[in-house]
1. Considering only DSSP beta bridges with both partners in segment 952-1050, what is the antiparallel share in %, to the nearest 5?
2. How large is the convex hull of the Cα atoms of the chain per residue, expressed in Å³ as a whole number?
3. According to a simple spin-label model (label point 7 Å from Cα along Cα-to-Cβ), what is the distance in nm between THR668 and THR922?
4. What percentages make up the Cα-Cα pair-distance distribution of segment 1054-1132 when the bins are 10 Å wide from 0?
5. Sorted by average packing, counted as other Cβ atoms within 10 angstrom per residue and highest first, what order do 869-878, 73-82 take?
6. Evaluate E = 1/(1 + (r/R0)^6) for GLU140 and THR233, where r is the Cβ-Cβ distance and R0 equals 41 Å; express this FRET efficiency to the nearest 0.05.
7. In whole Å, what is the distance between the alpha-carbon centres of segment 141-188 and segment 615-678?
8. Relative to the present Cα-Cα distance, how much length would full extension add between ASP202 and THR1080 at 0.36 nm per residue of separation?
Amino acid sequence: TAPAWTTQAGSLNQTIECSNASGLDAAQALFPAASDLCDTDVSNITKVSGQFVASEGCSNAGTYTNTWTVKDDCGNTSDTFTQIITIQDTTAPTFTGDLPTDITVSCDAVPEPANIEASDNCSGNLPIVFSETKSNILNECGTDYTLTRKWTTSDCSGSTVSHTQIITVRDTTPPTGTAPADVTDLQSITDIPAANPQAVIDAADNCSSTVTVTISDSNNGASGCNGNAYVLTRTYTLTDCSGNKTELVQTFTVENKVSVTGVATNVTCFGKSDGSILVTNSPGSTVVITNDKNEVVGNTNLPAGTYTLTATFAVNGENQTCTATATVVITQPEYTTKISGYVMNVDNNSGIANVMVTLIPQGTTTGPILLRITGTDGSYSFTGMSAGSYLVQVQDANLNSVYELYPIDSSLFFTTIEDCIFQEHTFNYGSSTLPVLGDYVWYDTNSNGIQDEWYDANNDGVVTKNVPDSGGAIDYSLWEWIDFNGDGSYQGPLNVGELNAGGFGNAASPNVIVDGPNGYHKEVIIGIQGYWRDRPNTENPYGEYTIKLVKDGNLDTMAAALGTTGLVKVLPNLADKKSTAKTGKTQMHTVCSTTSPSSYIVNVTPQDLVHLDNDFGISCKEYQDIVANDDSAGPIAGVNHTTTNVLNVLVNDTLEGNAVTISDVIITTVTPNEFLQLNPDGSVDVLPNAPVGTLTLVYQICEADQTSNCDTATVTITIEAPVMTVTATPICVNDVPYIDYVVTPGNFTPVNGVTIAWANAQNTVITTMTSLPLSGRVLWPGAVVNEAGNGIDWPGWIFENNKWVQGADGFESLRPTVNLTISVNPSETITVNYPPADPYCIARPTFAIAANDDNPPAITAPAGVTNIVNVYNNDTLNNDPVNPADVTLTTVTPDPTNTLTLNPDGSVDVAANAPAGTYTLTYQICENADFENCDTAIVTVIIVDPAPPTPVVANDDIYANIGCNTFGLVGNVLSNDFKGQLPATLELVDFTLLAENENNSKTDPNITIDNQGNVTVTSLTPAGTYTYTYRICDKLSAENCDTATVTITVVPNEIVNITSEACNDDSSLINLSNLLPEGTPITGTWIDTNETNALQGNIFNPFGLALGNYAFEYKITDENCPRSVLLNMEVNNDCHVLACGNILVHNAFSPNGDGINDVFVIDSINDLTCYPENTVEIYNRWGILVFETSNYNNTTNTFDGTSRGRTTVNKSDGLPSGTYFYILTYKSLNGNNEIQNNKEDGYLYLSK
């Protein structure tokens, strides 16, 4: 018998993936086992390994066939054992690398197809088929569409894989172009060109050559005139095929800046019409000129005035114009005459500032001498003088002496000035190589031969600095000192020529004679200021010169005239007293003489050319027969009496140079003054009531022996108001009102007494006191005192009906204030208050005060009474009942037994348990306003023995059903108790709550019974019955007592249960108070019973809490009705929203009815929230549709292997096992809740 195989046939067959080399090795290593009946060692098994036989069309799949045979020791050969190893390729190829994803791109950014490579577990270098489809073209330009790209590959076993990329192509880029340039400075709206799309010359689009240009215009509604520009905004809208738009904006600005200006040429002379206007206007505009009368005029031959230039320009075709105006003022000089020019330094060609130039009328020409100081540029100008002959002269002493500058030609210019013919003349100065001789001729007032005088033009005794006005003018007649260099001084070599030093000249004849070497002779005229100059200009000017002053009648006349003014004075020192000189006295005769040397000899050398120190002083003496000089005094107070001898006019008057005596002259008043009196002795009195100001009187003195020799003078008296200081102080002495006053004269001595007028608030004088001393004390009017000085009457008080009352006594209006007019010479009114009252001096009548004895009814012992009597009840003040606030109460003699007590409010108390007897105390009341006004009285209280006590009865009290709305005060235990027939009040009995209770009865601290017997049960008292005991005793008999019991029953508090629910995935906050039953008080408090920490006040946050039930208590603490609401809160997760599950296709199922994997399952497809719609299609291997449905749901609408796609298949038999192809399309929602379309396909394996 041949060996037999113990390994079951076919059990070594294996099916292995082509890529599973280890599996193939394991399969090849399998070995069958055999047995033999006689040979126990069957191991000589022979294996024949077959070659791999590839499947048709696929080298990766095929079979290996291996065979074994075995022989036993007898040579018997077994059957052949066959093993078939099947190599299969069931793994589809895969694409390697990053696969292109679905994208959305612009039409000009579509990428080239990706180069995709595939790999397979068994095959290499698989071919890839690429296809591209264009669909969903949305516009005629083809710029918006969908591009579907698909790459497909398969291995030789027919496993196929593909990758699809959806490229959504959208044109989202707007076209481009350049807006035409803005246009500005247009003068008219009609200048704006018409709209033209071709103005955008570079319109282009990234995806299409078609760009549509539309144009719209808008404007700002402005006028288009200057400052209100008209702006037209032209918008070019560029649109491509996809509707993308670009707006280009171009603006046209019309701002007609019509303008006009005018430059005036002013009228050259006052009243002429030679003015003109140079007009400049914008091109194209029309200009009209009107004068201030609105008359249209030209632009030439115009008088002075204001002219309006109006320019107009048409801004559009509708007669709308723009207008500009300008105002031009043509001025004219305010004068018809003028001469001006410069003082120039020819050495540096610059004007010389601060040089004095004079304009001196000549001949018959009238007018004052005018003076100008040159400006910073050396200019001077004289205007407005009358036409005639003039000398223009530079007063160049300062230039000569300080700057060594001398006239090149002359410092003089004679001219005739005519109306409207303006002249200019320039004086040129420079350094000199010629000798310079000269100096000054002045009036030597003090005849000392020294130039120490000045011309006091305003006669004030002070050297006045003259300040030029803006035109450099100074009033020549007031010239005293011009500070050329600003050093604040008029003395010293640097200030020569600044001071009007009393100089004078003579234009009628020369008075300085100069003789020099080589026969030089010159007669020099002295200028009006007293300066003279000579500059010998000879071939050899060096040597000695003799300079003489030759006086003549003309020079003496000028000197005498200047001296007579009295205005040439010696320069003052700081300590000099300023005095006013007498002017205008009649000269009897005058003698003038030279006070300095009358001649000088100077030696001129090349090194010493300048000699400006040859001055001449002249003084003239006036011989006067009699002189009355002005007199002044003051200030003098203008009082109401005569002020005598304020001055004597003769003190400074002279006769032949000697002081006048009263016997030498006759004195009379020439011009009287009603308030001044000139007495025969020359004294002057000021009469009463002289007004404030300056009083003058003119008097005359005549020589007694020759009455025709007379002179007059003026007396000037300055009057000031009299001044005094007044004080008045109210004072109270011995209850009587007075006034203390003091009058202190300031600038006068009074001769009469003081007058005091007393007026009320309406300034009505009530009474007047006269002939009073300068200080003292007077009674307030209406006050009367007796011989002892005690008051018996007061202002505004009347004694009637046996008491003092305030009333009309004629002086009542002098309270509380009075206006006092205190007069001595002046008067002064002051307001004074009535003397203030105090307890020590009341300044009014003393009121009668009466403290009357008090005898209240007898009381029963043992006593104990509060306020048995009030002592104020029968006391009086000023015959009226006492007001306790008006008096002070004191105990004078207290009750020695201390049974009686006098209280501050006037009540008298009887001590408790006082025995029978009579008790007294003495008290005093004093008026608060008058501490000395007092009276005393006695209080007497009688206590008698009591009658036997009346029984006391205490009855039990029951308070039941205490609870909501009854907590609080529930009653008083004394309400049903009695003393005899009377209710047992605390005035009759003493109440005591007993601490010990019978049988240990129940009590609670929330129940109180106070010492008044009030029973209070608070809302915190727990439910139950409570018992208390109390005792009452007769106040008059401590042994007369009774006890009673108080029973209190408290019912339980009310509890309400409510329920609610919340979700722990919801972060919304819940207000628990909104869950309370309607009408629940809002004063309660929520308690987190389970300590969830999710409750803040009444706000509950369930978010994140564990699922379960939670208890919360709303506790209402109401003293009348405490109660609770219990809330059971269920916390669930009903609101939890799960994330969408993934769509997962299970690609194999076995519809064999075993209940396991019987239908084709697609995970999550039945979640309609996430996947609202779907379709499923299934094809067999030949592409025949065998199943089709919508809204596949894995349960009621499923593929269970039964055909729904062809009628040729027996549905009851179902579809055969095999490979099918499915296509699943479904809709889903993205994160923005937008519908997305999805598609999946693949192989489906059906196995029964």
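1. In segment 952-1050, approximately 90 percent of DSSP beta bridges are antiparallel ones.
2. Given the Cα convex hull of the chain, per-residue volume reads 650 Å³.
3. 9.8 nm
4. Per 10 Å bin, starting at zero, the Cα-Cα P(r) for segment 1054-1132 comes out as 19, 55, 22, 4, 0 percent.
5. So the peptides 869-878, 73-82, ranked by packing, come out 869-878, 73-82.
6. 0.80
7. 125 Å
8. In short, 308.2 nm is gained.
Readers should treat all values here as calculations from the given coordinates under stated rules, not as data from a laboratory. Here the structure is a predicted model, which is why all the values come from computation and not from measurement. Quick reminder, even Gly has a Cβ in these numbers, built from the backbone with ideal geometry, and neighbours come from all protein chains shown.
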